[in-house]
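Everything below concerns the one structure shown next.
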Amino acid sequence: MARFTGFVFMALWLSCGALAAEEGNSLIVADFDNAQSTNNLGKEIEIWLQGDGGDETQTCQMSFVKDDALGEERGHSLQLDYDVDSPNPAYNGMRTDLGNFDATGYKNLNFYVKGDAARGFGKRLKVELIGPDMRPSPYIFDGVTTEWQKVTIPLSEFWVVRDWTQLQKFVVVFADIVNDPKSGTVYLDHVHFSK
Ligand SMILES: [Ca+2]
Ligand SMILES: [Ca+2]
């Protein structure tokens with residue numbers, strides 16, 4: 001049994017290594033450079049809708065664009081077109097699985113973000129980390145501009161997370177009570193944990 005487990009672990013390790021998720025003192029969750037809905041941990045990147053999409057007046061869509069935050073020629077970033085303008089309470093966004101990532105020893109969550117001047121965007125962007133108890137721990141960054149900028153959030157800000165040994169999800173949340181204007185476009189890139 002131990003030998004079998006070891007083999008499976010090795011196979012997983014090799015598949016993660018191929019994506020170069022771990023780089024020096026950082027763990028790359030998603031650089032979106034493969035332009036696919038799979039993150040650097042080999043897990044899914046997906047759109048979520050409040051009430052599984054029952055409210056047709058709100059929506060969120062993702063696509064991959066050749067505008068890399070780090071200026072990588074072959075790189076991509078994630079484009080999120082959101083609409084939380086609805087007669088009902090409205091929220092939706094993007095989430096990606098962290099595959100039980102053990103963040104012990106890491107200090108910050110980092111990502112790059114910018115807004116789309118032509119399509120509109122809000123200064124505020126809400127993100128969440130979710131631990132093994134599945135309780136969302138929110139943080140609102142207030143300062144999105146039309147230029148790429150690196151956002152660094154100390155993990156201590158995500159105080160709802162009690163157990164850092166098995167992180168479940170990284171989530172972007174658009175909400176009618178957070179985002180102004182209530183529809184627009186933001187770009188996200190290079191989501192990573194750093195020590
Ligand atoms: Ca990228
Ligand atoms: Ca709408």
Restricted to the range 74-111, and to residues that are of a type outside the set (Gly, Ala, Ser) and within 11 Å of ligand 1 (Cβ to nearest atom), which residue is surrounded by the fewest Cβ atoms within 10 Å (Cβ to Cβ)? ARG74
Mind checking which pairs have a first residue in the range 67-79 that is within 11 Å of LYS114 (Cα to Cα) and a second that is β-branched (Val, Ile, Thr) and more than 16 Å from ligand 2 (Cβ to nearest atom), Cβ under 6 Å, 6 or more apart or different chains? SER77/VAL65; GLN79/VAL65
Does ALA11 satisfy being surrounded by 13 or more Cβ atoms within 10 Å (Cβ to Cβ), away from ligand 2 (no atom under 16 Å from the Cβ), of a type in the set (A, V, I, L, M) and modelled with pLDDT under 95? no
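Could you identify the single residue in LYS126, LYS182, LYS169 that is away from ligand 1 (no atom under 16 Å from the Cβ), buried (at least 17 other Cβ atoms within 10 Å of the Cβ), touching a residue at least 60 places away in the same chain (Cβ under 8 Å) and within 12 Å of the chain's Cα centre (by Cα)?
Numbers: LYS126 fails: touching a residue at least 60 places away in the same chain (Cβ under 8 Å); LYS182 fails: within 12 Å of the chain's Cα centre (by Cα).
Result of the check over LYS126, LYS182, LYS169: LYS169.
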So which residues in the range 49-73 are within 16 Å of ligand 1 (Cβ to nearest atom) and of a type in the set (A, V, I, L, M, F, W, C), if there are any at all? MET62, PHE64, VAL65, ALA69, LEU70
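So if I check each of THR57, THR104, which one is over 16 Å from ASP189 (Cβ atoms), in contact (Cβ under 8 Å) with a residue 40 or more places away in the chain and out of contact with any Gly (no Cβ under 9 Å at 6 or more places or on another chain)?
It is THR104.
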Any residue in the range 8-36 that's away from ligand 1 (no atom under 14 Å from the Cβ): show its pairings with residues that are in a loop (DSSP other than H, G, I, E, B) and modelled with pLDDT under 95 at Cβ separation under 9 Å, as long as the two are six or more apart or on different chains. LEU27/ALA21
Taking only pairs six or more apart or across chains, which ones have beta-carbon atoms under 9 Å, a first residue in the range 134-153 that is within 15 Å of TYR187 (Cβ to Cβ), and a second residue that is in a strand (DSSP E or B) and acidic (Asp, Glu)? TRP148/ASP189
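The values are calculated or read from the model by the stated rules, or taken from the named source; none is laboratory data. In this text, all values refer to a predicted model and were calculated from it rather than measured experimentally. Note that each Cβ is placed from the backbone with ideal geometry, even for glycine, and that neighbours are counted across all protein chains shown.
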